[in-house]
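Quick note: the coordinates plus some simple rules give every number you see, no bench work behind them. Here the structure is a predicted model, which means the values were calculated and not measured. Here the Cβ positions follow ideal geometry from the backbone for every residue, glycine too, while neighbour counts run over all protein chains shown.
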Amino acid sequence: MKKILSIALMAILALSVAGCGQKTDTGTGSEAEAVTMKLAHNLSETHTVHLALQDFADRVKEKTGGEVEIQIFPNGQLGSETEVLEQLQAGAVDFTKVSATALSVYDAGYDAFSLPYIFRDQDHYYKSMEADVVQDLYERTSDKGFLGLTFYTSGARSFYTIDRPILTPADLRGLKVRVMGFKSQTDLMSALGGTAVGMPYGDIYTSLQSGIIDGAESNETALTTGKHGEVAKVFSLDEHTMIPDILVMSAASWGKLTEEQQALVKEAAVESTEYHKPLWDEAIEQAVVEAKAMGVEFHEVDKAPFVEATKDMVESYKNEFPEIKVLLDGFDQVN
């Protein structure tokens, strides 16, 4: 029944998209067919990425003179991240935001972003994300039904625990740490000497509270928006990964736009990334202030021992996956 309802929803959405065209004066004396497109995601309307997506939609409307309008469906209204991506491939949704790691099943290159210490710092991360190798990656999935337009930062992921700082890999020995369900994260914990525990994000709070896990790893906002700072009192800034969110668009929807509209949509996407960067920095700063008020201690970390401990792991991924090697070699060349 759930599958039938999902198919019915996609059909309804596809019909609504097909029926929303209207004539728009382009200002050149001619009329163009106005197109309304759908953008769905699972974030709240207060999240910085939602604000960036709204900025993207506003810019598209302005740049195209109203020829292309984007209707946003936040809060998982149309389904989970995976479900919306499937709808996008089926042509029922035009845009969505997806964590880079979720796209690795379509191109192994996206797995590069889940590897530790591939970026030297935030500046290197931003410059790498603008490199040609990433633009090539965006286009490689067009035959899978979608292509990438731009990225939004989701910060650096670090370890946070109930009561002890993680200052060296040795501090992780014997600890059970919640990770996302990706092989690279399990391999990361193995390389550092900890025990990886896969579980949904929503289970972290009670698992920390009950002692099922000793810690988790994420950015600073997990302490506040997820309330994890109520039970995890130590945050260690090892910053092992920087995993971006990717704005993707249906390849079929892209093909329906004129070349000029395509260029304007791409331009609006890139500009929305620049709009998002200071928003994210402000969100992290506010999260740290709020977390400290909750009693969370923050510890600076010498990353060198962590880089050394995970070096062989990263090399093994480069050797096994040519797509990852291309990305990492490209990042190494970024100044």
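Sorted into 10 angstrom bins from 0, the C-alpha pair distances of the chain split as 5, 24, 31, 24, 11, 3, 1, 0 percent. Entry note, the chain: relative contact order of 23 percent, from Cα contacts under 8 Å with a spacing of 6+ residues. The Cα-based radius of gyration of region 50-97, divided by its Kirkwood radius, gives an Rg/Rh of 1.01. Give the separation of the Cα centroids, region 190-207 to region 300-335, in Å. Measuring centre to centre over Cα atoms gives 23 Å. The equivalent ellipsoid of region 78-153 has semi-axes of 24, 13, 11 Å, largest first, where each one is the square root of 5 times an eigenvalue of the Cα gyration tensor. The spacing between region 73-141 and region 251-295, judged by their C-alpha centroids, is 13 Å. Neighbours of Met242 by Cβ distance under 10 Å: Lys/Arg scored +1, Asp/Glu scored -1, total -1. Ranking of His240, His228, His299 by neighbouring Cβ atoms within 10 Å, starting from the fewest: His299, His240, His228.
The angle separating the long axis of helix 81-90 from the principal Cα axis of greatest extent in the chain is about 30 degrees. Summing +1 for each Lys or Arg and -1 for each Asp or Glu among the other residues whose beta-carbon sits under 14 angstrom from that of Asn319 gives -4. Normalised by the number of residues in region 139-207, the mean separation of alpha-carbon contacts (under 8 Å, six or more apart) gives a relative contact order of 24 percent.
Of the GluC sites (Glu not before Pro) in region 66-160, the ones in a loop by DSSP (not H, G, I, E or B) with at most 15 other beta carbons within 10 Å are Glu130.
Electrostatic bookkeeping for Arg140 treats Lys and Arg as +1 and Asp and Glu as -1; over the other residues with beta carbon under 12 Å from its beta carbon, the sum is -4.
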